[in-house]
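See structure below.
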Amino acid sequence: MTIYPADSVILAPLSGYTDLPYRHSARRHGCRMAFAEMVDAGSLAFGNKRTRTYLDRGSDEDWLGVQLVGCEAEHIAESARILNDYRFDVIDFNLGCPAPKVAKKGAGAVLGANIDKAVKLFSIIAGISRMPVSAKIRILNETDPASTVEIVKKLESAGASAVTIHGRIKESFYSGQVFHDVIAAARQAVKIQVIANGGIMDVSSHDAIRKATGCECVMVARGAMGNPWIFDEIAMREQYQPPTIQELCAEIELHVLETIDYYGEELAMKVSRKLILDYMRGRGFPGGLKAEVSFLHKKEDFYTYLDKIRTEHTERYWHWLEKFPLAERRLRRA
């Protein structure tokens, strides 16, 4: 079974980010294949109300995946049974998250390094799920692909329809070299889809990872934070036009207002602070202005701040952009 059409650019499951308003922002710019936030199997199994909100699917979302993380067999089994009552296009098992709060539980990338246990737990999901199942892993060694090939082959035998591979080891988190050759070796070793992940920040890095790995699909994570235009850029290529400051502000406004509608004003403003900073990052806004984000508590505060974003952009950014016209997160003059 093929989960993803050729040339798919998939929005990764990002804990604390890829809720419904976030996905709507990405979809406004061409994202079709997207994942909800990563779901902790234990929290879901025990009926945590907030965890259940991660499973919300918009009526306008024609494709949505869900990802489980955990390391306890009974929690994973119960979560898979619960998810059978929902409408998702794929259930993914996280074997690659390096976050300390996940690692200390023995889940995510820590579990992924324990190949036999990881595959055993994956098999539980595959045996229960009425939907296709996949896994997201990290490479296990930067120079020797053997262990990464081993886990991908075993996941294939356990029923995986696809495996997404982040091309960095756990200790590298989200920075440093992405080892394309290890992803390529794993892709060549199996018949199922292998999706390349890691370091995709623009069309250039998208093209580089596809060419080096031979993967026909990629998954974008941090490259989409505050930059839903990455989907436009990859699709439109030479015809792509970066947003103006006014267009940037228009997207921020849509995103934050939908977040307010979704969570209520108080919680939404807490959630939105990091979102706004992501939109501003690398686009020439002064540090003092970015520091003011922490004082946003009400919708009125947000509108006042949005006016500052429109007017307090630094002129030196445009001079810098002349030297680096292919910067990853650029704006264009109106």
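The values are calculated or read from the model by the stated rules, or taken from the named source; none is laboratory data. None of these values were measured; they are calculated from a predicted model. Note that we place each Cβ from the backbone using ideal geometry, even for glycine, and neighbour counts take in every protein chain shown.
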Exercise. Search segment 33-72 for residues being within 13 Å of the chain's Cα centre (by Cα) and in a loop (DSSP other than H, G, I, E, B), and hand back the single one that is surrounded by the fewest Cβ atoms within 10 Å (Cβ to Cβ).
Key: M33
Self-check item: Qualifying residue in segment 214-230 (condition: over 30 Å from W318 (Cβ atoms), hydrophobic (A, V, I, L, M, F, W, C), buried (at least 18 other Cβ atoms within 10 Å of the Cβ) and without any contact (Cβ under 8 Å) to a residue 24 or more places away in the chain)
Solution: no
Self-check item: Every pair of residues 6+ apart whose Cβ atoms lie under 8 Å, when the first sits in segment 108-130 and is closer than 14 Å to V90 by Cα and at pLDDT below 95 while the second is crowded, with 19+ Cβ neighbours inside 10 Å and not polar (S, T, N, Q)
Solution: none
Quiz item: more than 26 Å from the chain's Cα centre (by Cα), of a type in the set (D, E) and modelled with pLDDT under 95 - does that describe any residue in segment 275-292?
Solution: no
Quiz item: Within the bounds of segment 206-221, is there any residue that is basic (K, R) and either modelled with pLDDT under 95 or within 15 Å of A327 (Cα to Cα) (or both)?
Solution: no
Quiz item: In segment 213-231, how many residues are under 16 Å from the mean Cα position of the chain (by Cα) and more than 22 Å from S15 (Cα to Cα)?
Solution: 0
Exercise. Report, by residue number, each residue of segment 149-168 that is within 21 Å of A212 (Cα to Cα), in contact with a Phe, Trp or Tyr (Cβ under 9 Å, 6 or more places away or on another chain) and free of Cβ contacts under 8 Å to residues at least 60 places away in the same chain.
Key: G167, R168
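Confirm whether R210 is under 21 Å from the mean Cα position of the chain (by Cα) and within 27 Å of G70 (Cα to Cα). Can you show your working first?
On the way: under 21 Å from the mean Cα position of the chain (by Cα): yes; within 27 Å of G70 (Cα to Cα): no.
Criteria not met by R210.
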